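The values are calculated or read from the model by the stated rules, or taken from the named source; none is laboratory data. Quick caveat, the model's predicted, so the values are computed rather than measured. Ideal geometry is used to build each Cβ from the backbone, glycine not excepted, and the neighbour counts take in all protein chains shown. Side chains included, ligands, DNA and RNA excluded: accessible areas come from the protein's heavy atoms. Shrake-Rupley method; radii C 1.70, N 1.55, O 1.52, S 1.80 Å.
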Amino acid sequence: MCLNHDVAWFEDRDLAVPSDLEDLTDPAYEGLLAVQNPATSSPGLSFLLATIERFGEDGYLDFWEDLVANDVVVTDGWSEAYYDEFSGTGGGDRPLVVSYASSPPAEVFFADPQPDEAPTGVIEASCFRQVEFVGILDGTERRAEAEELVDFMLSTTFQEDLPLTMFVFPVNERAELPEVFVEHAVIPSDPLELDPSVIGEQRETWIEAWTATVLR
Amino acid sequence: MLLVVPVVFLGWFFVWPVTSIVGLGLAPDGEVELGVLARALTDQSVRSVAWFTLWQAVVSTVLTLLVAIPGAYALSRQEFPGRRALQAAVTVPFVLPTVVVGSAFLALLGPRSPVNAALVAVLGDAAPTLDLRRTVTAILLAHVFFNYAVVVRTVGGLWSMLDPRLEDAARVLGASRWRTFREVSLPLLSPAIAASAAIVFLFTFTSFGVVLILGGPGRATIEVEIHRATTQLLDLPLASTLALLQLVAVLSALAVYGHLTRRAQQQRLVAAASTRRPPRSRAERWFLGTNLAVIVVLVLSPLAVLVERSFVTATGYGLDNWRRLLVDDPSSVLAVPAGEAVRNSLLFGTSATLVALVVGGLAATAATVGRGWITGAVDRALMVPLGTSAVTVGFGFLIALDRPLDLRGSPLLVPLAQALIATPFVVRTLLPVLRSIDQRLRDAAAVLGASPLRVWREVDLPIIGRALLVAAGFSFAIAVGEFGATVFVARANLPTMPVAIFRLLGRPGVANFGQAMAMSTLLAAITAAALLAIDRLRVGSVGRF
């Protein structure tokens, strides 16, 4: 998960692209950001977690209060933020949106003709590692078959198919990235991360606190 | 006997799955936890959600009736060029996925809408910017948009068969138009109005996508909270409590509805075509013009946004989206060629229509023949799925339908889930017409030696033929557009058109958005074509006697 920006929008206005989450509360960036509700959207949740990692459990709600004061818009899901609010892809009028590191290559791949440069870019300092996973249910009677499926999903063939179907990065290091990813995707060198067990314990509390701060 | 099929259908595919999931939530270990119930019912936020759900549904229903009853008259009693096409077009919103319509509404209600462009053109820079995004007004407008057809079809269907001589007589005796409407037409139409009001109320009470997309994340209906509790928090006790709360509200609404319509009227109906006439006076033309304007602004303009967007390309307008959707290799996003999604939708929609016609037809016949409380109860119970959250039904299917037959992996589940929503429309459309049939006609046929089946075929069928077609068309539209429960039970390799649209919109890339718009336009076009085709069929005709 990374903030995406509309490259042309910032160039036209000669405005620097925000380089840190803190910048987003700067009045210069008022009314420019669209995020998703972490209670209903997984990139929205990742962005909330990114702010918790960046500002700490004591500081993230203050940051969100400032974001609200700076006119952030919250949508329910990714599609509404990306297609109805974000200016980089059409409908909207906001040049900053919570999306993925893989969105710029998708904008190239699904364009006709394909542009030399992606119309959208990634703000590296905002990236949070979001892991999609496959699991085996506890107590299953068919463990062997389940393990075979997981092995298949980890195979190079399957993993190399993921970037252009699911627009996620492969976990298998032997899998090669398609060209459009090599050229247009940014792989954040040092993304924000949180211990999954902490997320598991605190998720509901954080979402409730966020809801109380931002939506009410 | 007639009730066996409806009762089995409802019991197997609604009561059993829903009680299973609600039971699992409330009594995970086999014992009911009353603490959960009490906790949820005293919670301030649950109460405010319940209050919002109720009042927005009431206001939406009243607004829809106010806007659509005149529209029903214009479309069913006035003759004008393009009437059939328009009647099909107003039903289209019904089938479109809310996520697509929501997006079109945002474009029309935002600061860059044509309304604001017009204001700027007239008033210059001093023009106020109208921005209705994320307001209750937007929700209400969208509810009217979606449900306009419910009233137009249900009320218009009956209106087109009321004997115009009654109104003419009132007018000759000196009553004004308004008084004629109030004292002659309105009482005769009341069963259809009550039925459509009940349906619109149930739909808006359980509104989900519209509220999420247009109301912004601060607003929620009970339905939204059930979805959140089930799919995000995995809090089944809370979800079950909310589902129960929703059910209680829905049952109360149906009780009110039953009370309002307990006097089954018998009225003389005539052939639909004979009641329509072109507007003759200036007032009639003005009335028609106003209604057409409402339809254009409210119903057609969001559809126009979709069509326009489906032709937008990187360099202006063109057929790129359509070519990618229909001609190019199967898109990696859809996993199957787009044509297959169309085929699946048609196949599922037709099967669901047949199921709904059989179940609904039998229930309506039973309600006409029998007068017992059981028939009434079944009739009203068939309405309950309309007011039940799709996520509850969908999840219920997945956990309950493994016995006696394991249907969970079966593609049959899709049309069954769709038929659950379509059946009440069949009953509501057929019942007023069936009740209008003079029992003496059937008795006469029976005395002359006709078997019950033959009585039905030669007395009932010719009279209800028209209504049967209306019901079929509506069922088909509902089935094709159903998304909430379908998305739970549709297999990945058998996506319907709404499921495909949802998948396309879930991926970045201009081409995916464009293809989603093209697919939505196609869905709208296919629905309109199907409705027009059904409209042209003839099964007997009313008023033969």
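Here chain B is assigned +1 on the Cβ of each Lys and Arg and -1 on the Cβ of each Asp and Glu. Its dipole about the Cα centre then comes out at about 1760 debye. For the protein assembly as shown, with all protein chains present and a 1.4 Å probe, just round the carbon and sulfur fraction of the accessible area to a whole percent. Exposed carbon and sulfur together represent 61 percent of the surface.
Take every Cα pair under 8 Å in chain B that's 6+ residues apart, average their separations, divide by the length, and report that relative contact order as a whole percent.
Normalised by residue count, the contact order of chain B is 24 percent.
With a cut-off of 12 Å between beta carbons, the residues surrounding B:Ala467 carry a summed charge of +3, where Lys and Arg count +1 and Asp and Glu -1. Report note on the peptides B:345-351, B:134-140: ranked by the mean count of other C-beta atoms within 10 Å, highest first, their order is B:345-351, B:134-140. Projecting the Cα atoms of A:Ile207, B:Val15, B:Trp373 onto the charge dipole of the protein assembly as shown, computed from C-beta unit charges around the Cα centre, puts B:Trp373 farthest toward the positive end. When the convex hull of its Cα atoms is viewed from all sides, chain B shows a mean projected area of 28.5 nm².
Seen from B:Thr154, the other residues with C-beta closer than 14 Å to its C-beta sum to a net charge of +3, counting Lys and Arg as +1 and Asp and Glu as -1.
Annotation: amide H of B:Thr313 within the under-5 Å range of B:Gly318, sequence separation 5 or more or interchain, hydrogens built in the peptide plane.
Taking the Kirkwood radius as the inverse of the mean 1/r across Cα pairs, report the Rg/Rh of segment B:186-307. Ratio of gyration radius to Kirkwood radius for segment B:186-307: 1.11. Kindly report, to the nearest 10 Å², the accessible surface of B:Val358 as traced by a 1.4 Å probe over protein heavy atoms only. Surface accessible to solvent at B:Val358 totals approximately 80 Å². Segment B:1-22 and segment B:452-521 have Cα centres spaced 22 Å apart. When A:Tyr29, B:Tyr148 are compared by accessible area at a 1.4 angstrom probe, the order from most to least is A:Tyr29, B:Tyr148.
Counting only Cβ charges, +1 for Lys and Arg and -1 for Asp and Glu, the dipole size of segment B:133-237 around its Cα centre is about 360 debye. Burial annotation for segment A:110-128: residues with an accessible-area loss of at least 30 Å² between the isolated chain and the complete set of protein chains, computed on heavy atoms with a 1.4 Å probe, are A:Phe110, A:Asp112.
A loss of 40 Å² or more of accessible area (1.4 Å probe, protein heavy atoms, ligands and nucleic acids excluded) relative to the isolated chain is seen in these residues of segment B:500-521: B:Leu505, B:Arg507, B:Pro508, B:Gly509, B:Val510, B:Phe513. A 1.4 Å probe, protein heavy atoms only, puts the accessible area of B:His143 near 10 Å².
Summed over both chains, the contact between B and A buries some 2700 Å² of accessible surface at a probe radius of 1.4 Å. If you find the alpha carbon centre of segment B:153-191 and of segment B:203-221, how far apart are they in angstrom? Taking the Cα centre of segment B:203-221 as reference, the centre of segment B:153-191 is 36 Å away. Applied to segment A:112-123, the Karplus parametrisation 6.51 cos²θ - 1.76 cosθ + 1.60 on θ = phi - 60° returns per-residue 3J(HN,Hα) values of 9, x, 6, x, 6, 10, 5, x, 10, x, 10, 9 Hz, with x for Gly and Pro. Based on protein heavy atoms only, segment A:102-216 ends up with 64 Å² per residue of surface accessible to a 1.4 Å probe. The calculated FRET efficiency for B:Thr42 paired with A:Glu30, based on their beta-carbon distance and R0 = 56 Å, is about 0.90. With a sphere of radius 13 Å drawn around the Cβ of A:Tyr82, what net charge do the other residues whose Cβ falls strictly inside it have (Lys, Arg +1; Asp, Glu -1)? Taking every Cβ under 13 Å from that of A:Tyr82, the sum is -4. Ranking A:Trp9, B:Trp456, B:Trp286 by solvent-accessible area of protein heavy atoms (1.4 Å probe, all protein chains present), from largest to smallest, gives B:Trp286, B:Trp456, A:Trp9.
Taking all protein chains as shown and a probe of 1.4 angstrom, A:Glu204 keeps an accessible surface of around 100 Å². Over chain A, dividing the summed -39,500 (n - 2.57) contributions of all DSSP H runs of at least 4 residues by the number of residues returns a 222 nm mean residue ellipticity of -12500 deg cm²/dmol.
With every protein chain kept in place and ligands, DNA and RNA left out, what is the accessible area per residue of segment B:388-534? Probe 1.4 Å, answer in Å².
Here the residues of segment B:388-534 average 32 Å² of exposed surface.
When the charge dipole of the protein assembly as shown is built from unit charges on Cβ atoms (+1 for Lys and Arg, -1 for Asp and Glu) and taken about the Cα centre, the candidate among B:Thr42, B:Val355, B:Thr221 whose Cα reaches farthest toward its positive end is B:Val355. Across segment A:118-216, Cα pairs under 8 Å and at least six residues apart give a relative contact order of 31 percent.
Summarised in one figure, the compactness ratio Rg/Rh of the protein assembly as shown, Cα atoms and Kirkwood Rh, is 0.99. Taking θ as phi - 60° and the Karplus parameters 6.51, -1.76 and 1.60, the scalar couplings of segment A:30-38 work out to 5, x, 9, 10, 10, 10, 10, 5, x Hz in sequence order, x denoting glycine and proline.
Here's how it looks for A:Ser99: its modeled amide H is under 5 Å from those of A:Cys2, A:Leu3, A:Asn4, which are all 5 or more places away or on a different chain. What Kirkwood hydrodynamic radius do you get for segment B:295-450 when you take the inverse of the mean 1/r over all pairs of distinct Cα atoms, in Å? Computed over Cα pairs of segment B:295-450, the Kirkwood hydrodynamic radius comes out at 19.9 Å.
Counting only Cβ charges, +1 for Lys and Arg and -1 for Asp and Glu, the dipole size of the protein assembly as shown around its Cα centre is about 6980 debye.
Computed on protein heavy atoms with a 1.4 Å probe, the accessible areas place A:Asp195, A:Asp20 in the order A:Asp195, A:Asp20, largest first. The relative contact order of segment B:370-471 comes to 27 percent, based on Cα pairs under 8 Å that sit 6 or more residues apart.
Could you give the accessible area per residue of segment B:159-267, probe 1.4 Å, as a whole number in Å²? For segment B:159-267, the solvent-accessible area averages 42 Å² per residue. Only helical runs count toward this figure. For chain B, summing -39,500 (n - 2.57) over DSSP H runs of n ≥ 4 and dividing by all residues gives -21500 deg cm²/dmol at 222 nm. For the residues of B:217-228, the average number of beta carbons from a partner chain within 10 Å of their own beta carbon is 3.
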